[in-house]
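First the structure, in the form of structure tokens, and then the observations on it.
The values are calculated or read from the model by the stated rules, or taken from the named source; none is laboratory data. None of these values were measured; they are calculated from a predicted model. Neighbour counts run over all protein chains shown; Cβ positions are idealised from the backbone, glycine included. Note: areas computed on protein heavy atoms with side chains; ligands, DNA, RNA excluded. Shrake-Rupley method; radii C 1.70, N 1.55, O 1.52, S 1.80 Å.
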Amino acid sequence: PVQTGADKKAAAPGAREGSGPALLDAYEVDESHILGRGTFASVKACTRRADGALRAVKLVNVGQAATDEQTRRILRAALVRECHALESLDHPRVPRLEAWGWLGPETFYMVMPLVPDGRTLRTLLRAWGSRMPLSPVVALARQIADALHHTHGRGYVHRDIKPTNVGV
């Protein structure tokens, strides 16, 4: 694999762009452990072969997401831009991109750290319901706002902030 973002001081340590074999050589994807699923993408657990670290791999099916070639080209470019954006961010509340690339022409992958226990803001809100004390609510809101401030300050907008996309 080729090192990406090497000229960016905030690039994720070891972030790599690669091909499908690079993903499969470096990570063991657990096909049965689906962490999330959307219309055109799924997130699965994987293990980094070098040290056994648990990670999450997002797999985007470009062929399902776009029916014509022009839209596929636009989506492919947007996915690569998203990876370059993530590589440029350096904040404790923004996940670090570890690897990304293509599994053939239609499937794009991104590897990031796995949220411990898969806990998201959604699971936390469901556990607490309307009984969540004000102090942790304010602390979470500050952390989310701080991460968004960092991201927006570098010219990026998340566009999909929701409880299932906020790890806690």
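Side notes on the structure shown:
- The lone criterion from (1) under 18 Å from the mean Cα position of the chain (by Cα); (2) under 28 Å from Ile34 (Cα atoms); (3) open to solvent by 90 Å² or more (accessible area, probe 1.4 Å) left unmet by His152 is number (2).
- Residue match in the range 146-164 (condition: of a type in the set (A, V, I, L, M), at pLDDT 90 or above and assigned to a helix (DSSP H, G or I)): yes
- Residues of the range 72-121 that turn out to be part of a helix (DSSP H, G or I) and either open to solvent by less than 10 Å² (accessible area, probe 1.4 Å) or not small (Gly, Ala, Ser) (or both), as a count: 16
- Reported count of residues in the range 58-117, each being closer than 30 Å to Arg142 by Cβ and β-branched (Val, Ile, Thr), is 3.
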